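Since the structure comes first, as structure tokens, the remarks are kept for the end.
Just so you know, all these numbers are worked out from the coordinates, no wet-lab data involved. Everything numeric here is computed off the predicted structure, so don't read it as measured data. Here Cβ is always computed from backbone atoms with ideal geometry, including for glycine, and neighbour counts include all displayed protein chains.
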Amino acid sequence: MNRWDPTNALARLEQDMGNAAHHAHGASVSTATDGDDLVITVEGVDPSDVDVQLAGGRLTIKGRSGSSTSESHDVGGAHFSSSSSSSSSFSRTFSVPDGVEQSDVSTERTGGGVKIRIHNAA
């Protein structure tokens, strides 16, 4: 039988909270120009969870990001397991020049998100 050590228990709780905080981040959005195109990159999301809408001179990008982890281990004959999950939603709106139409907007998957290209918007 192992004796409960509050110092170790608190250290473990602190580590778990730190891990949860690390995973509870929002999506990272960056913009750049490529010639006459405006390129918006959204990292940290599954591209299937991203919605891109163009209306009234505004491009709106909405989506969700999230993660889950689980862990188990044995200590002194006792089995411990923990799991955590986090999700967050995001929405970003960009003004686009007059004349930009839905056909001017294209999306492509990246390694960790999605890249949105607006042709002739820069």
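How much FRET efficiency would the formula 1/(1 + (r/R0)^6) give for S70 and D37, where r is the Cβ-Cβ distance and R0 is 41 Å, rounded to 0.05?
Calculated transfer efficiency: 0.45.
Where the eigenvalues come from the Cα gyration tensor of the stretch 43-122, what are the semi-axes √(5λ) of the equivalent ellipsoid, largest first, in whole Å?
Ellipsoid half-lengths, sorted descending, are 42, 11, 7 Å.
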